[in-house]
Each structure stands twice: as C-alpha cells, then as structure tokens.
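Take a look at the structure set out below.
The values are calculated or read from the model by the stated rules, or taken from the named source; none is laboratory data. If you're wondering where the values come from, they're calculated on a predicted model, not measured in any experiment. Positions of Cβ are backbone-derived with ideal geometry, glycine not excepted, and every protein chain shown enters the neighbour counts.
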Amino acid sequence: MECLKCYNDMYLHYVELKIEREDYNLELKKIPGYVCTECKETYIEEDEMSKIFETVEGLDKNINNIKQKKL
Ligand SMILES: [Zn+2]
C-alpha cells in the first residue's frame, strides 16, 4: 500500500477516526487501517468504511427517534 500524499510505504495498524455530526461526535478507535511510514497519513479501506457508514446511519436513525418530543 502506497501513501496517497507522499507515495511512501504504508503499514497495517490500528487507526482512529473522528466523525462529527450535528447531534453527536463519534470517536472510533482500533480500526484496522494503513499508516504512512513518513507523513503518518492514515487510510481506511472501503470494506471498513462502508461498515462505519452503516453504523453512523443507524445512530442517526436512533437519535432521531430519541428527539421525537416537541420542545
Ligand atoms: Zn505519506
């Protein structure tokens, strides 16, 4: 795996991902991904990303349910 920014080698490692939404911030840890040996850029593969998006979609739905009450 080659870094998209500096073209150096990347190695498999756990990475962290922060997702900021309107109603919550989600900080995911220990996601298997790639880290650049030089610039520390991280890359998460499509398979993991699509599962992360599914998770966020589920959270969004549940949080909308929580917010049903009219203020
Ligand atoms: Zn790099």
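Please enumerate the residues belonging to segment 29-71 that are within 16 Å of the ligand (Cβ to nearest atom) and at positive phi.
If the condition is that a residue be within 16 Å of the ligand (Cβ to nearest atom) and at positive phi, then Lys40 is the only one that fits.
Out of all the residues in segment 33-71, which are in a strand (DSSP E or B) and within 15 Å of Lys18 (Cα to Cα)?
Scanning segment 33-71 gives Gly33, Thr42, Tyr43.
Restricting to segment 1-39, name every residue that is loosely packed, with under 11 Cβ neighbours inside 10 Å and touching a residue at least 40 places away in the same chain (Cβ under 8 Å).
Asp23
Please work out if Asn25 is more than 12 Å from the chain's Cα centre (by Cα) and not hydroxyl-bearing (Ser, Thr, Tyr).
no
Within segment 1-28, which residues are assigned to a loop (DSSP other than H, G, I, E, B) and more than 16 Å from the ligand (Cβ to nearest atom)?
Within segment 1-28, Arg21, Glu22, Asp23, Tyr24 qualify.
Are any residues in segment 8-57 hydroxyl-bearing (Ser, Thr, Tyr) and either at pLDDT below 95 or in contact with a strand residue (DSSP E or B) (Cβ under 9 Å, 6 or more places away or on another chain) (or both), and if so, which ones?
Matches in segment 8-57: Tyr11, Tyr14, Tyr34, Thr37, Thr42, Tyr43, Thr55.
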